[in-house]
Amino acid sequence: MRPTVYIPHFNGFGHLENALRSLAAQTRPVEVVVVDNGSSDGSPELLRERFPEVSLVELGRNLGFGPALNRAVAEHQGDPLILLNNDAEAEPRFVEAILEAADGVETVAGVLVQQADPTLIDSAGVVADRTLMGFDYLHGEPLERAATAADPLGPSGGAALYRLEPFRAAGGFDERIFLYYEDLDLALRLRAAGARCRLASEARAVHAYSASLGAGSGEKYARTGWSRGYMLRRYGVMSRPGRAIRALGAEAAICAGQLVGDRTAAGLRGRLRGWRAGGGLERRPIEESALLDVSLRAALRMRRQRRG
């Protein structure tokens, strides 16, 4: 099997076209698979017309980020698996650099660069605090910081490499999670199974943050809220009194901010639905040493920085 880039897609062919052109210009040729989540903008037809060399998986409806990728990997199996957002443009050495970094590890985190300021990092993987609140690693830091930074918990789904066997052994992405936190969930499961992640500082792609849903949209709050509630219950965070108090304080502050600033309770309702969805499921283990030991104030500051 050959290294393969997988791109989940839903509408916005202009972004996808830029991503595919950037992959065609790579220093290391690579197979590309686009999995279309039922786009209504003619994306499949345009893809076949302009990029006939790209493999297309059409799902006919929007299954979400992780489920779409699971199906694409099952139908067009590569090894290793390289993920790229449809709104990210890979620099010419992206594929070469992420493959070079994969020697001896199970996962690799690429570096997403901010489109508004390419000197700054958007995400260099995912990390989490002890309540499993997730953060984009090195967000807002100067790009050169990635060269000396420690490795993250796991890769961001927007620029990632997974070796096929550990990915399959972990069960791939959790198909209950439609969108957001699916990369953190997979990173936690892989780390609990002994997998390691390496940061590839030279594997860079310019990212248009939240091009699909918008950074402050009610739909995005609902999706992130669902995933947050689900993770809190699935990993038993609320069963520990100290962490439960901290998690409740953090979630209350976040939902209040959304209610006051954006006049929406979508995030709160999403959390409640996600919590209910996590009921009755087997609790997942946590590798404690992989989590950040930061204060609640620092965690909320990191959240505000990302929103800004």
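The values are calculated or read from the model by the stated rules, or taken from the named source; none is laboratory data. Note that this is a predicted model, so its numbers are computed, not measured. For neighbour counting, all protein chains shown are included, and Cβ atoms are generated from backbone atoms with ideal geometry for every residue, glycine included.
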### Task
Could you tell me whether the stretch 258-272 includes any residue that is of a type in the set (Lys, Arg) and assigned to a helix (DSSP H, G or I)?
yes
### Message
Suppose the filter is part of a helix (DSSP H, G or I), touching a residue at least 12 places away in the same chain (Cβ under 8 Å) and touching a strand residue (DSSP E or B) at 6+ places or on another chain (Cβ under 9 Å); does residue 222 pass it?
### Response
no
### Query
Is it the case that some residue within the stretch 196-209 is over 14 Å from the mean Cα position of the chain (by Cα), assigned to a helix (DSSP H, G or I) and not acidic (Asp, Glu)?
no
### Task
Looking only at the stretch 7-25, count how many residues are part of a strand (DSSP E or B) and touching a His at 6+ places or on another chain (Cβ under 8 Å).
0
### Task
From 67, 29, 8, 3, grab the single residue that is under 24 Å from residue 164 (Cβ atoms) and at pLDDT below 95.
29
### Query
Inside the stretch 102-135, can you point out the residues that are more than 15 Å from residue 188 (Cβ to Cβ) and either surrounded by fewer than 22 Cβ atoms within 10 Å (Cβ to Cβ) or of a type in the set (S, T, N, Q) (or both)?
102, 103, 104, 105, 114, 115, 116, 117, 118, 119, 120, 123
## Note on the structure
Expected output for the stretch 27-54 (first residue without any contact (Cβ under 8 Å) to a residue 12 or more places away in the chain and farther than 21 Å from residue 66 by Cα, partner of a type outside the set (Ser, Thr, Tyr) and crowded, with 18+ Cβ neighbours inside 10 Å, Cβ below 8 Å, 6+ apart or cross-chain) is 48/56
### Task
Return yes when residue 237 is surrounded by 15 or more Cβ atoms within 10 Å (Cβ to Cβ), closer than 18 Å to residue 126 by Cα and touching a residue at least 40 places away in the same chain (Cβ under 8 Å) and no when it is not.
no
#### Entry: Failed condition for residue 191, given (1) on the phi < 0 side of the Ramachandran plot; (2) at pLDDT 95 or above; (3) in a loop (DSSP other than H, G, I, E, B); (4) surrounded by 18 or more Cβ atoms within 10 Å (Cβ to Cβ)
(3)
### Message
One residue is enough: does the stretch 274-294 have a residue meeting the conditions of a type in the set (Ser, Thr, Tyr) and either surrounded by 13 or more Cβ atoms within 10 Å (Cβ to Cβ) or more than 24 Å from the chain's Cα centre (by Cα) (or both)?
### Response
no
### Query
With (1) surrounded by fewer than 23 Cβ atoms within 10 Å (Cβ to Cβ); (2) farther than 21 Å from residue 94 by Cα; (3) touching a residue at least 24 places away in the same chain (Cβ under 8 Å) as the list, and residue 184 as the residue in question, which single condition is left unmet?
(1)
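For residue 28, are the conditions met, namely being surrounded by fewer than 14 Cβ atoms within 10 Å (Cβ to Cβ) and either part of a loop (DSSP other than H, G, I, E, B) or aliphatic (A, V, I, L, M) (or both)?
Judged against the criteria, residue 28 is not a match.
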### Message
On the basis of being at pLDDT below 95, small (Gly, Ala, Ser) and in the same structural domain as residue 173 (by TED's automatic domain parsing), does residue 116 make the cut?
### Response
yes
